[in-house]
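One structure is given below, represented as structure tokens, and several questions about it will come after.
The values are calculated or read from the model by the stated rules, or taken from the named source; none is laboratory data. None of these values were measured; they are calculated from a predicted model. Here the Cβ positions follow ideal geometry from the backbone for every residue, glycine too, while neighbour counts run over all protein chains shown. Heavy atoms of the whole protein, side chains included, go into the accessibility calculation; ligands, DNA and RNA do not. Shrake-Rupley method; radii C 1.70, N 1.55, O 1.52, S 1.80 Å.
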Amino acid sequence: AGQFKTILEVTPEDLSMAIREVVLDAYRKLGSINNNFSVIIQQYVLPDYAGVIYTRSPLAGREMVLEYRKGLGDKVVGGEKVERLDFLYPVTKTYSGELGFVKELAKKAKELEVKFNFPQDIEWLAKDGVVYLLQTRPITSLSGEMWQGMQLVEKELQKEQSSFFYEKTALSET
């Protein structure tokens, strides 16, 4: 996911050519193709919003990070300027911004993190209020030790019966 060529809006007539381009791109990057390589073919949906949700900050924070834009998500994964929300997972229960699908997206993202037992980098799109997950992979900037530390902190916080306030600033995480 995210390492090889992506081709959008492929017509049925151009499908074999698009597959060939993806495989050639992978071959150039890998030097060979083995039996573990796959090409993903998905139905094209023109999104209202698209982006990436990280179930944990790629910079080792505990918060989820949602990067998005109106329209196609290729600009998001390509590193262009996008909108961004940072939040702890339970906070989405009170989210009331323009993105009515944030609660559902965060819930699905959290489910994938639990399923794979590691923070995930997930590409998604939303069309007419429906969230589509396109692909997921582990967040490559986080180590197993970092993940264990995050889990330990959350386990300790869950022991607290009272609610707590969380804020992240440029100087500290409180």
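Name the residue that is surrounded by the fewest Cβ atoms within 10 Å (Cβ to Cβ), counting only residues in the range 18-61 that are outside any loop (DSSP other than H, G, I, E, B) and of a type in the set (Ser, Thr, Tyr). Walk me through how you get there before you give the answer.
Of the residues in the range 18-61, the ones outside any loop (DSSP other than H, G, I, E, B) are 18-30, 49-54.
Subsequent filtering for residues that are of a type in the set (Ser, Thr, Tyr) retains 27, 49, 54.
Values: TYR27: 13, TYR49: 22, TYR54: 23.
For the range 18-61, the residue satisfying everything is TYR27.
Shifting gears a bit: Identify the residue in the range 96-143 that is polar (S, T, N, Q) and within 23 Å of GLN43 (Cα to Cα) and, among all such residues, is least open to solvent (accessible area, probe 1.4 Å).
Of the range 96-143, the ones polar (S, T, N, Q) are 96, 117, 120, 135-136, 140-141, 143.
Checking which are within 23 Å of GLN43 (Cα to Cα) leaves us with 120, 135-136.
Details: GLN120: 6, GLN135: 48, THR136: 48 Å².
Residue satisfying both the conditions and the ranking: GLN120.
Got at least one residue in the range 104-111 being in contact with a helix residue (DSSP H, G or I) (Cβ under 7 Å, 6 or more places away or on another chain) and modelled with pLDDT of 90 or more? Steps first, please.
Within the range 104-111, the subset in contact with a helix residue (DSSP H, G or I) (Cβ under 7 Å, 6 or more places away or on another chain) is 106, 110.
Filter once more, so that each one left must be modelled with pLDDT of 90 or more: 106, 110.
Yes, there is a match, as at least one residue in the range 104-111 is in contact with a helix residue (DSSP H, G or I) (Cβ under 7 Å, 6 or more places away or on another chain) and modelled with pLDDT of 90 or more.
Give the range 1-17 a look and list any residue that's part of a helix (DSSP H, G or I) and touching a residue at least 12 places away in the same chain (Cβ under 8 Å), or say none. Walk me through how you get there before you give the answer.
First, pick out the residues of the range 1-17 that are part of a helix (DSSP H, G or I): 12-17.
Matches in the range 1-17: LEU15 only.
Specify the residue that is farthest from GLN120 (Cα to Cα); the eligible residues are those in the range 62-83 that are at pLDDT 85 or above and assigned to a strand (DSSP E or B).
Looking at residues that are at pLDDT 85 or above and assigned to a strand (DSSP E or B), I get LYS70.
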